[in-house]
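All remarks here apply to the structure that follows.
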Amino acid sequence: MATVEGTSTARFAPVRAALAAHIESGEELGASIAVDVDGVMEVDVWGGHADEARTVPWQRDTLVGLWSVTKTLSSLAALVLVDRGALDLRRPVAEYWPEFAARGKQDIEVRHVLAHTSGLSGWQQPFTMDDLCDWSTASTRLAGQAPWWKPGSASGYHMQTQGQLVGELVRRVSGRTLTEFVDTEIAGPSEADVQIGAREADWSRIAGLVPPSQALEVPADLDPEAVFTKTLLGSPARDEHVDTPQWRRAELGAVNGHGNARGVARALSVISRHGEVNGLRLLSPDTVDKIFDVQADGVDLFLGVPVRWGVGYALADRRTMPHMPTGKVCFWVGRGGSIVMMDLDRRVTLAYTMNRLGAGLLGSERTHDYIRHVYEALDATD
């Protein structure tokens, strides 16, 4: 059996064993899993390799690209500003970003951006990776764009635009970039090894992402006016861009966060613990409750599956992910299977990060296996 490093309490031994089994089988290349139970890290394990050649062992402080788990950090940044009264979820985005009112967007509210209902799920073509990595260009283009459906009427996953929209709001009201805000107001207080983009001093710690063996096939007969098509084509970041200097230096608050399971769990445990982390209060219980104000509940116009979107996070729903627990749970996933789940009823935060991307739209088979083992352990000891 493959060696798994780190610590885990007795009740979570099956989680550790599951990670070892997936590494042994070759399904995992390298990965980390963390389970925080009301401030106690009961699972903090890692194993495998940081490189595809299997020459560099995954270490305690190995980082990996988070893809869309990054959105959970960006949404938390916005909620911190909501809690401080600097942002109001029901005020128009244009109150904070006046240029955004163009092309009929004057009534789009902050909550619409956080719940993927603003109608801005991608950039209007042509739009390149260079454009995406230039903050001013990417923001200006979104401000001048018309929504693709009636804002607030339905969700359409803002695959790569959400980080720009949230990040521009953070910049306008705080005077700091999203990267700076996450670093000083979230990662610092929670002692979490997470960041948006990646500091050059940390590049040597980053495990290279390995795409799935089967590439995603895009049908040739897509309707060019469909939200799915426009979102896909208007979201230029692809697997080949990851782990490049351009990617690591950019501020892409929807997709290019870096961290590990321990760091992600520490940062997001503030939600599971109703606003407190490390003895500090970052959010009031009332602000945490706002996450669970359902903004959309139906088939997402991009993802094509039912998603219950709260404010900044998806809400547990077995139509979306069959192994989700019931109760007051919010979460989001990254490409390939990474995940962070916040269970407020149990005050539990689960995070999983890996470098071999799995198949599956919302989590891989490995993701679901780890969730199952975690909740079997929790249910057995409740």
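The values are calculated or read from the model by the stated rules, or taken from the named source; none is laboratory data. Please read these numbers as outputs of a predicted model, since none were measured by experiment. Cβ: placed from backbone, ideal geometry, glycine included. Neighbour counts: every protein chain shown. Remember, those area values only see protein heavy atoms, side chains included, never the ligands or the DNA or RNA. Shrake-Rupley method; radii C 1.70, N 1.55, O 1.52, S 1.80 Å.
Please indicate, with yes or no, whether at least one residue in region 348-364 is open to solvent by 10 Å² or more (accessible area, probe 1.4 Å), over 23 Å from ARG238 (Cβ atoms) and free of Cβ contacts under 8 Å to residues at least 60 places away in the same chain. Taking every residue of region 348-364 in turn, none turns out to be open to solvent by 10 Å² or more (accessible area, probe 1.4 Å), over 23 Å from ARG238 (Cβ atoms) and free of Cβ contacts under 8 Å to residues at least 60 places away in the same chain. The condition (being in a loop (DSSP other than H, G, I, E, B) and buried (at least 16 other Cβ atoms within 10 Å of the Cβ)) is satisfied by just one residue among PRO224, PRO236, PRO219: PRO236. If you go through region 165-179 and keep only what is assigned to a helix (DSSP H, G or I) and either of a type in the set (Ser, Thr, Tyr) or open to solvent by 50 Å² or more (accessible area, probe 1.4 Å) (or both), you end up with ARG171, ARG172, SER174, THR179. ARG319 satisfies every condition listed in (1) assigned to a helix (DSSP H, G or I); (2) open to solvent by 50 Å² or more (accessible area, probe 1.4 Å) except (1). Of the set (1) among the hydrophobic types (A, V, I, L, M, F, W, C); (2) over 22 Å from the mean Cα position of the chain (by Cα); (3) within 20 Å of TYR157 (Cα to Cα); (4) part of a helix (DSSP H, G or I), all apply to PHE127 but (4). I'd like the full set of residues that are surrounded by fewer than 17 Cβ atoms within 10 Å (Cβ to Cβ) and not in a loop (DSSP other than H, G, I, E, B), limited to region 301-316. If the condition is that a residue be surrounded by fewer than 17 Cβ atoms within 10 Å (Cβ to Cβ) and not in a loop (DSSP other than H, G, I, E, B), then PRO306 is the only one that fits. If you go through region 74-105 and keep only what is more than 22 Å from PRO285 (Cβ to Cβ), open to solvent by less than 50 Å² (accessible area, probe 1.4 Å) and either assigned to a strand (DSSP E or B) or touching a Gly at 6+ places or on another chain (Cβ under 7 Å) (or both), you end up with PRO92, ALA102. In region 218-227 there is no residue that is on the phi > 0 side of the Ramachandran plot and touching a Lys or Arg at 6+ places or on another chain (Cβ under 8 Å). Checking each residue in region 106-123 for being open to solvent by 10 Å² or more (accessible area, probe 1.4 Å) and either assigned to a loop (DSSP other than H, G, I, E, B) or among the aromatic types (Phe, Trp, Tyr) (or both) picks out GLN106, ASP107.
Of all residues assigned to region 107-122, at least one qualifies as being over 15 Å from GLY234 (Cβ atoms), more than 23 Å from the chain's Cα centre (by Cα) and in contact (Cβ under 8 Å) with a residue 40 or more places away in the chain. With respect to the conditions (1) under 22 Å from LEU81 (Cβ atoms); (2) hydroxyl-bearing (Ser, Thr, Tyr); (3) surrounded by fewer than 23 Cβ atoms within 10 Å (Cβ to Cβ), THR244 lacks only one, and its number is (1). For region 1-31, the set of residues classified as open to solvent by less than 30 Å² (accessible area, probe 1.4 Å), part of a loop (DSSP other than H, G, I, E, B) and not charged (D, E, K, R) consists of ALA2, GLY26, LEU29, listed by residue number.
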